[in-house]
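To start, the structure itself, in structure tokens.
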Amino acid sequence: MHTTPNTLALIGNTPLVLLKGPSEAAGAEIYGKCEFANPGASVKDRAALGIVEDAEARGSIAPGGTFVEGTAGNTGIGLALVANAKGYKTIIVMPETQSREKMDTLRALGAELVLVPAAPYSNPAHFVHTSRRIAEETPNAVWANQFDNIANRKAHITGTAEEIWAQMDGRIDGFTCAAGTGGTIAGVGMGLKAKDEAVCIALSDPHGAALYEYYAHGELKSEGSSVAEGIGQGRITANLEGAPIDTQFRISDAEGMEWVTRLLAEEGLCLGLSSGINVAGAVRLARHLGPGSRVATILCDTGFRYLSTLYNRAWLEAKGLVVPPWLQHD
Ligand code: PMP
């Protein structure tokens, strides 16, 4: 028998599952890393633990101190859980456009929640700048700074990438995911390239983000918009610096939602939209790499976090997205 020594050790070592529909669609083997299986139900538990342990190792957080962070929600949820397990407090700053479920979850976990209006990064009221200010004004507080703190991507170099490599027995042709902070794509990309330079790393960028144009043509430029939460970056964060991106795809919300709906109806996986966009990207990458190729991607978080949005008929209709048959009579 096997036991786990403490609750923080539950973070990571997630399963890697073969996705049947996407594999058939691409004539390839497409695997999803089940990050919804982390205790906070998202990939961001890894970054949260990495950032907290890094602050401890540097001696920048004192016992009973406070972690402050600006987040689309999932990093806050991960931080709140890790902080609770280690005796710290959390103050989480979040744009009020994020899902209601994430706000309720953060409050339920004991985080102090500060909601701010959505604003461009250049505006001092942006959630990231607000969180830095609160950290500076709060005694014994540390700003987690997930966008520019490379303890974030390090968690993916030493964790996620190593796990994917071992789970695929070193037989992997490509990896893709979208970027929020960029910690996942950069960290997994760097980790896999260190094992085998030939692994193709592809960015799957939602509409409204600027990275597709940056990697394709060297210019940060965006077009359109996306309702996907947690992804869509407009600048090169410290985590993205030096990310080994070989190719890039631009994925629409409609294409991502098609996979969200199919994975639920056909394979029993309830996921968020960033996962759908990642799977759509994985299908494109596998087609690009050719028949029989082996591609991995990230299933970032649970769909239970989006019952009032992605799984709600009125919301889907308002956003012009397809309503699945089983929600049409709500
Ligand atoms: N999907 C979701 C749902 C997220 O919350 C995040 C984190 N912002 C991501 C994807 C992207 O991960 P990363 O920050 O590592 O780029």
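What does the charge count around Ser293 come to, taking other residues whose C-beta lies under 12 Å from its C-beta (Lys +1, Arg +1, Asp -1, Glu -1)?
Overall, the nearby charge balance is +2.
What ranking do Phe175, Phe147, Phe67 get, fewest neighbouring Cβ atoms within 10 angstrom at the top?
Final ranking by Cβ density, sparse to dense: Phe147, Phe67, Phe175.
What does the net charge come to around Ala108 if you take all other residues with beta carbon closer than 13 Å to its beta carbon, with K and R at +1 and D and E at -1?
Computed value for this residue: +1.
Using the basic label-point model (7 angstrom from Cα toward the beta carbon), what is the Val114 to Ala314 distance in nanometres?
3.2
Could you check which residue among Gly189, Gly40, Gly320 shows the biggest mean-square fluctuation in a GNM of the chain with a 10 Å Cα cutoff?
Result: Gly320 has the largest fluctuation of those listed.
Please state the Cα pair-distance histogram of the stretch 149-223 with 5 angstrom bins from zero: what percent is in each bin?
4, 17, 24, 22, 17, 11, 5, 1
Bin width 5 Å, origin at 0, all Cα-Cα pairs of the stretch 1-129: what percent of pairs per bin?
For the stretch 1-129, the binned pair fractions read 2, 10, 17, 17, 17, 13, 10, 7, 4, 2, 0 percent.
In terms of modelled amide H atoms, which long-range or inter-chain residues lie less than 5 Å from the amide H of Leu271?
Residues meeting the criterion, in which the H sits 1.01 Å from N, are Gly303.
Regarding the stretch 76-165, what's the average projected area of the Cα-atom convex hull, expressed in nm²?
7.1
How much length is gained if the chain between Met1 and Ser225 is pulled fully straight, taking 0.36 nm per residue apart and subtracting their Cα-Cα distance, in nm to one decimal?
75.7 nm is the gain from fully extending Met1 to Ser225.
For the cross-link pairs Lys195/Lys221; Lys33/Lys193; Lys44/Lys86; Lys44/Lys102; Lys33/Lys221, which exceed 23 Å when the distance is taken from alpha carbon to alpha carbon?
Distance filter (> 23 Å) returns Lys195/Lys221; Lys33/Lys221.
Which whole-number percentage describes the relative contact order of the chain, with Cα contacts under 8 Å and a sequence gap of 6 or more?
For the chain, the relative contact order is 20 percent.
Per residue of the stretch 74-87, in order, report the coupling 6.51 cos²θ - 1.76 cosθ + 1.60 (Karplus, θ = phi - 60°) as ³J(HN,Hα) in whole Hz, putting x for Gly and Pro.
5, 5, x, 5, x, 4, 4, 5, 5, 4, 4, 5, 10, x
Below 8 Å, C-alpha to C-alpha, sequence gap of six or more: please give me the relative contact order for the stretch 43-149 in percent.
32
Taking K and R as +1 and D and E as -1, what net charge do the other residues with C-beta under 13 Å from the C-beta of Thr237 add up to?
Overall, the nearby charge balance is 0.
According to a simple spin-label model (label point 7 Å from Cα along Cα-to-Cβ), what is the distance in nm between Glu137 and Leu18?
Going by the 7 Å Cα→Cβ label model, 5.5 nm.
Taking the C-alpha atoms of the stretch 117-263, how large are the radius of gyration and the largest Cα-Cα span, Dmax, in Å?
Rg then Dmax for the stretch 117-263, in Å: 16.5, 49.
With each label point set 7 Å from Cα along the Cα-Cβ vector, what nm distance links Asp196 and Arg287?
Between Asp196 and Arg287, the simple spin-label model gives 2.4 nm.
Report the percentage of all Cα-Cα pairs in the chain whose separation exceeds 26 Å, rounded to a whole percent.
Value for the chain: 44 percent of Cα pairs lie more than 26 Å apart.
Placing unit charges on C-beta atoms (Lys and Arg positive, Asp and Glu negative, everything else neutral), compute the dipole magnitude of the stretch 43-149 about its Cα centre in debye, rounded to 20.
Once rounded to the nearest 20, the dipole reads 80 debye.
Rounded to the nearest 500 deg cm²/dmol, what is the calculated helix-only ellipticity per residue at 222 nm for the chain, with -39500 (n - 2.57) per DSSP H run of length n ≥ 4?
-11500 deg cm²/dmol
Taking 8 Å as the Cα distance limit and 6 or more residues as the minimum spacing, I'd like the relative contact order of the stretch 1-69 as a percentage.
24
In a Debye calculation with equal point scatterers on the alpha-carbon sites of the stretch 280-326 and no solvent, what is log10 I(q)/I(0) at q = 0.13, 0.30, 0.32 Å⁻¹?
At q = 0.13, 0.30, 0.32 Å⁻¹ the computed log10 ratios are -0.50, -1.01, -1.09.
For the chain, what is the charge dipole size about the Cα centre, in debye to the nearest 20, if Lys and Arg each add +1 at the Cβ and Asp and Glu each add -1 at the Cβ?
That gives the chain a dipole magnitude of about 260 debye.
What is the Rg over Rh value, at two decimals, for the stretch 172-330, using alpha-carbon atoms and the Kirkwood definition of Rh?
0.98
Out of Gly50, Ala155, Gly110, whose Cα points farthest toward the positive end of the dipole of the chain (charges: +1 Lys, Arg; -1 Asp, Glu; placed on Cβ)?
Of the listed residues, the answer is Gly110.
For the chain, set up a GNM with springs between Cα atoms under 10 Å and report which of His288, His126, His217 has the largest fluctuation.
For the chain, modelled as a Gaussian network with Cα springs under 10 Å, the answer is His217.
Running a GNM on the chain with Cα contacts under 10 Å, which residue among Glu213, Glu162, Glu267 ends up with the highest mean-square fluctuation?
It is Glu267.
Values in this text are rule-based calculations from the coordinates and carry no lab data. Note that this is a predicted model, so its numbers are computed, not measured. Quick reminder, even Gly has a Cβ in these numbers, built from the backbone with ideal geometry, and neighbours come from all protein chains shown.
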